[in-house]
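Chemist: Pasting a structure here, questions to come.
The values are calculated or read from the model by the stated rules, or taken from the named source; none is laboratory data. Quantities reported herein were computed from a predicted structural model and do not represent experimental measurements. Neighbour counts are summed over all protein chains in view; Cβ atoms, including those assigned to glycine, are modelled from backbone coordinates with ideal geometry. SASA here: full protein model, heavy atoms, side chains in, ligands and nucleic acids out. Shrake-Rupley method; radii C 1.70, N 1.55, O 1.52, S 1.80 Å.
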Amino acid sequence: QVQLVESRGGLVQAGGSLRLSCAASGRISSMGSMGWYRQVPGKERELVALINSGGSTHYADSVKGRFTISRDNAKNTVYLQMNSLKPEDTAVYYCTGIYVNREYWGRGTQVTVSS
C-alpha cells in the first residue's frame, strides 16, 4: 500500500509563490511517474505537471513558465514550485504517483490565491 501525503497549501497574494511537496510512503522502493493535478468545484480535475523517474517533465499550458515540478527519488518525494501565482490558480491540488503500474492519489491540499 502506498500513501501520498501533500504538504499544507495556503493563502497567497497574486504574484506570490508557494511550494508544495508530496511524499510517498509505504513498502515501496522507487516510485514511477509522479505529478500534480488540481480541481475547482464544479470542474473536472486537470493536469498541472508530471515528472517521470528520469526527470522528464510535462506541464499544462496554463502553468508553463510559472510552475516547476521536481522530485527527489531517494525520498520518493515530488515538489511543485509555483511562482507568479494568479487567482485562477486557486484550487485543491492533488499529488499522484505510479507504483507497480497502479496509480495512487493524495487527499489534496487547498491553494488560494487572492487578487
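Chemist: Mind checking which strands (runs of 3 or more DSSP E) fall wholly inside the stretch 1-70 and carry at least 2 residues that are in contact with a Cys (Cβ under 9 Å, 6 or more places away or on another chain)?
Modeler: The qualifying strands (runs of 3 or more DSSP E) are 2-6, 18-26, 34-39.
Chemist: Quick one: in the stretch 71-102, of everything that is in a loop (DSSP other than H, G, I, E, B) and of a type outside the set (A, V, I, L, M, F, W, C), which residue is most open to solvent (accessible area, probe 1.4 Å)?
Modeler: Result: Asn101.
Chemist: Do you know which residues across the stretch 1-45 are acidic (Asp, Glu) and either surrounded by fewer than 14 Cβ atoms within 10 Å (Cβ to Cβ) or free of Cβ contacts under 8 Å to residues at least 12 places away in the same chain (or both)?
Modeler: Hit for the stretch 1-45 is Glu44, nothing else.
Chemist: List every residue pair whose Cβ atoms sit under 6 Å apart, with the two residues 6 or more apart in sequence or on different chains, where the first one lies in the stretch 56-71 and is over 17 Å from Gly97 (Cα atoms) and the second, anywhere, is assigned to a loop (DSSP other than H, G, I, E, B) and open to solvent by less than 70 Å² (accessible area, probe 1.4 Å).
Modeler: Cβ pairs passing all conditions: Arg66/Asn83; Arg66/Ser84.
Chemist: Only one of these conditions is not met by Trp105: (1) open to solvent by 60 Å² or more (accessible area, probe 1.4 Å); (2) in contact with an Asp or Glu (Cβ under 8 Å, 6 or more places away or on another chain); (3) among the aromatic types (Phe, Trp, Tyr). Which number is it?
Modeler: With (1) open to solvent by 60 Å² or more (accessible area, probe 1.4 Å); (2) in contact with an Asp or Glu (Cβ under 8 Å, 6 or more places away or on another chain); (3) among the aromatic types (Phe, Trp, Tyr) applied to Trp105, the lone miss is (2).
Chemist: How many residues does the stretch 46-63 hold that are open to solvent by 50 Å² or more (accessible area, probe 1.4 Å) and more than 20 Å from Asn76 (Cα to Cα)?
Modeler: 3
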